[in-house]
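Have a look at the structure below, then the notes.
The values are calculated or read from the model by the stated rules, or taken from the named source; none is laboratory data. Please read these numbers as outputs of a predicted model, since none were measured by experiment. Using ideal geometry, Cβ is built from the backbone for each residue, glycine included, and neighbour counts are taken over all protein chains shown. Accessible surface areas use protein heavy atoms only, side chains included; no ligands, DNA or RNA. Shrake-Rupley method; radii C 1.70, N 1.55, O 1.52, S 1.80 Å.
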Amino acid sequence: MNLSMAVYDMASGRGATTDADRTYVSASVVKVGVLAALLLRAQDADRWLTPEEETLAAAMIERSDNDAATALRTAAGGVTALDEAHARLGLTRTVGAAAWGLTRTTARDQLTLLRAVFDAGTVSPLNARSRRYVATLMERVVPAQDWGISAAADGTGDHALKNGWLPRTDSGLWVVHSIGRAGDRLVAILSDGHPTLEAGVARVEEAAVRGV
């Protein structure tokens, strides 16, 4: 089992990492990047999202709808545009794939993305409205998917997150990720090699509590 973590405290400006440059397939955490890419494309065109895009974005982030993610990555410009958006956001080791869930990424890059959304002290290509929109959707994840980073919020409910989970066909082992905000802390946890989804969730939550 591999687990990588990157943490940043927005109040103190301090951070910590554990094996944060190891690469993993992204699973559904890439959906935050897809939404960011869509918003950047809309900003560049001096417009806001269409009602249809907003409906798909909510489905993609709040309940991790895969069809919505496929449609919105296409709307954002496809694999190349997603890579370009990630580069604009400061991600240096994230590389798209034909199947969006197989995008390669690192905990350090995912923390960079979180800072571009949540951290007022970070200069971001996303404007204030776009940042609030991403954050709000991540605060509304459905209860069944409200695990991972939320374990570090001490039951306060003050958190926002996006999780990813994927069984690998070659090994049968699970990829389990959680990225988001717990209070003033931004946390990205990526992991793989779990025998079951439940085991992966438990390990990620343990790391979230200890790391925060």
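Structural remarks
- Counting only protein heavy atoms and using a 1.4 Å probe, the accessible area of residue 181 comes to about 30 Å².
- Modelled FRET efficiency - R0 22 Å, residue 48 with residue 142, Cβ distances, 0.05 increments: 0.35
- Label-to-label distance, nm, for residues given as residue 22 and residue 128 (7 Å Cα→Cβ offset): 4.1
- Averaged per residue, the stretch 5-100 has 43 square angstrom of accessible surface, using a 1.4 angstrom probe with ligands and nucleic acids left out.
- Prolate/oblate/rounded label for the stretch 90-212 (Cα gyration tensor, a/c 1.5): oblate
- Using a probe radius of 1.4 angstrom, the carbon and sulfur fraction of the accessible surface of the stretch 89-162 is 52%.
- Working from Cα pairs under 8 Å separated by at least six residues, relative contact order for the stretch 62-212 is 17 percent.
- Accessible surface for residue 48 stands near 50 Å², nearest 10, in the context of the full protein assembly shown (1.4 Å probe).
- Extents of the chain, largest first, come to 43, 42, 31 Å (Cα atoms, principal axes, whole angstrom).
- Cα gyration tensor category, rounded, prolate or oblate, for the stretch 30-140 with a/c compared to 1.5: rounded
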